[in-house]
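Asker: Structure provided below as structure tokens; questions to follow.
The values are calculated or read from the model by the stated rules, or taken from the named source; none is laboratory data. All values reported here derive from a predicted model rather than from experimental measurement. Counting neighbours? That spans all protein chains shown, and the Cβs are built from the backbone with ideal geometry, glycine included.
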Amino acid sequence: MKKYILFFILAVFVLTLGNSSAFAEEKPRIGVLRFTNNVAGLYWWHSSVADDLADLLASELVSTRAFQILERKEINAVFSEQDLSASGRVSQETLVQMKKIKGAKYLIAGTVSAFEESGSKGGGIRFKGISLGAKKSETYIAVDVKIIDTETGEIVDARTIEGRAKATKVGADLNLRNFSVGGEQAKNTPIGKAIRACIVYISEYLSCSLVEGLDAPCMDEWNQADAKRRGKTKKAISLD
């Protein structure tokens with residue numbers, strides 16, 4: 001009899017341990033919203049870039065293997081249904097409540113808050129008597145990232161993430177009519193490189209914030225970078 005009791009206790013212990021491990025290893029489930037832009041006159045921005053940036057970030061987050069990512073089309077479908085319910089065009093019986101997106105704990109919102117380009121022409125090559133100038137340029141982009149709790153609507157964390165890139169290009173400028181941040185045309189441009197650097201940094205920050213935690217050692221580096229950015233901003237606008 002004692003053997004059976006001991007076996008039962010051992011079995012319960014193993015099952016409890018297994019469930020605890022599975023719970024501890026559960027990955028945060030998040031959704032990435034369409035990016036927005038707050039930079040006036042940003043010449044490369046158009047409607048599809050908002051989706052391109054969201055898709056780039058979602059793909060980068062998937063590659064970290066630290067998150068469960070909700071498909072953007074699922075998010076759009078939920079928002080469309082909620083907008084329809086809020087419009088008053090549906091009956092009370094079928095009204096969809098404005099609640100959290102099913103399965104997603106957090107939503108990630110990104111807003112382009114700064115963009116700068118600087119460069120100088122020089123050097124270059126000659127081909128059949130035609131001079132093609134080489135342009136050295138540096139691109140800077142900043143994105144304000146917000147982490148939103150889907151249950152409460154509260155912004156639980158926010159951070160400005162920066163990306164920079166330097167490059168030398170020869171010949172014609174980027175064709176902006178069909179510009180896509182995820183396309184081959186943009187990949188080797190200063191704009192494309194800065195954007196991709198920023199996206200990678202955003203994914204690294206989210207891994208630190210949502211997986212390691214706000215009090216984790218990895219947050220020290222981000223806090224130092226943020227303090228440096230704030231210092232430059234205050235100096236640029238002459239704040240005391």
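Asker: Quickly run through the range 205-225 and pick out the residues that are part of a helix (DSSP H, G or I) and either without any contact (Cβ under 8 Å) to a residue 24 or more places away in the chain or farther than 15 Å from ILE147 by Cβ (or both). Talk me through it step by step, then tell me what you get.
Answerer: Initially, the range 205-225 is screened for residues part of a helix (DSSP H, G or I), giving 205-212, 218-225.
Within the range 205-225, CYS208, GLU212, CYS218, MET219, ASP220, GLU221, ASN223, GLN224, ALA225 qualify.
Asker: Here's something else I'd like to know. Give me a count of the residues in the range 135-150 that are under 21 Å from TRP45 (Cβ atoms) and hydrophobic (A, V, I, L, M, F, W, C). Let's see the steps before the verdict.
Answerer: Within the range 135-150, the first condition is being under 21 Å from TRP45 (Cβ atoms), and the residues that meet it are 137-146.
Those left that are additionally hydrophobic (A, V, I, L, M, F, W, C): 141-143, 145.
Of the residues in the range 135-150, 4 are under 21 Å from TRP45 (Cβ atoms) and hydrophobic (A, V, I, L, M, F, W, C).
Asker: Does any residue of the range 47-63 turn out to be outside any helix (DSSP H, G or I) and under 25 Å from SER209 (Cα atoms)?
Answerer: Start the filter on the range 47-63 by keeping residues that are outside any helix (DSSP H, G or I), which leaves none.
Among the residues of the range 47-63, not one is outside any helix (DSSP H, G or I) and under 25 Å from SER209 (Cα atoms), which makes the answer no.
Asker: Pick out the one residue from ARG126, ARG159 that is part of a strand (DSSP E or B) and modelled with pLDDT under 95. Walk me through it before giving the result.
Answerer: Working: ARG159 fails: modelled with pLDDT under 95.
None of the others qualify; the one that does is ARG126.
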